[in-house]
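What follows is a single structure, written as structure tokens, with notes after it.
What follows is calculated from the coordinates using simple rules that are stated; it is not laboratory data. If you're wondering where the values come from, they're calculated on a predicted model, not measured in any experiment. Reconstructed Cβ throughout: ideal geometry from the backbone, glycine too, with neighbour counts over all protein chains shown.
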Amino acid sequence: MPNPVLYLFDGYNLLYAGDYADARELRDALASFVAMKGARGVLVFDGVGPDETVGPLEVRFAEHADQLLERLAAEHRAKRLVCVVSTDSAVRGTAGRAVQTLSSQTFLKDLEPARRAAERPGQLRDRLDPETLARLERLRRGES
């Protein structure tokens, strides 16, 4: 049964709290996390960039990411369980009492075992040639 949780991620907050090379690596880790949970997620970054969807994870850019996170929490908290992941106490505080909140550090501790499990040797990707891996990655991203 799918997890009814909607995860709202504070992008740059998580990026700087974690051990990620760049926003793309963070996005991929979070897309895998929400997919494994059977949940949905929205990763919000401050600034300008292309909005995209990677599996059950939406990536959004906003002039004021904190305001978008707060608005999304308010819009969805009556319909489903919402979890806001941010170290910004103002974001967590204004999300509402009906919303679960986690600091970025707490969430990343929970995410780490999932990341290690995804990196285990002996997976199918370890036995595929680079060209096939590249083609599968393009398919996963919805590219031709």
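Once backbone amide H atoms are built at 1.01 Å from N, Y7 has R40, G41, V42, C83 as its partners under 5 Å, excluding neighbours fewer than 5 places away on the same chain. Amide H contacts under 5 Å for T101: V84, restricted to partners 5 or more places along the chain or on a different chain, H placed in the peptide plane at 1.01 Å from N. Rounded to the nearest 10 degrees, the inclination of helix 130-140 to the longest alpha-carbon principal axis of the chain is 30 degrees.
The GluC sites (Glu not before Pro) found in the range 1-106 that occupy coil by DSSP, while having at most 14 further C-beta atoms within 10 Å, are E63. Note that the range 1-111 carries a Kirkwood radius of 13.6 Å, evaluated over its alpha carbons pair by pair. Remark on T53: its backbone amide H falls under 5 Å from those of V59, a criterion applied only to residues 5 or more positions apart or on other chains, H modelled at 1.01 Å from N. Rounded to the nearest whole Hz, the Karplus-based 3J(HN,Hα) values (6.51 cos²θ - 1.76 cosθ + 1.60, θ = phi - 60°) of the range 7-20 follow the sequence 8, 10, 9, 7, x, 5, 4, 5, 4, 7, 7, x, 9, 10, with x at glycine and proline.
When you filter the trypsin sites (Lys or Arg not before Pro) in the range 1-88 for DSSP loop state and at most 14 other Cβ atoms inside 10 Å of their Cβ, you are left with K79, R80.
Between helix 65-76 and the chain there is an angle of about 80 degrees, using the helix long axis and the longest principal axis of the Cα atoms. Once the Cα atoms of helix 23-37 and of the chain are each reduced to a long axis, what angle between those two axes, in degrees from 0 to 90 to the nearest 10, is obtained? The helix 23-37 is inclined about 90 degrees to the chain.
Computed from backbone phi, the HN-Hα couplings of the range 39-49 come to 10, 10, x, 10, 9, 10, 10, 6, x, 10, x Hz, rounded to whole numbers (Karplus: 6.51 cos²θ - 1.76 cosθ + 1.60, θ = phi - 60°; Gly and Pro given as x).
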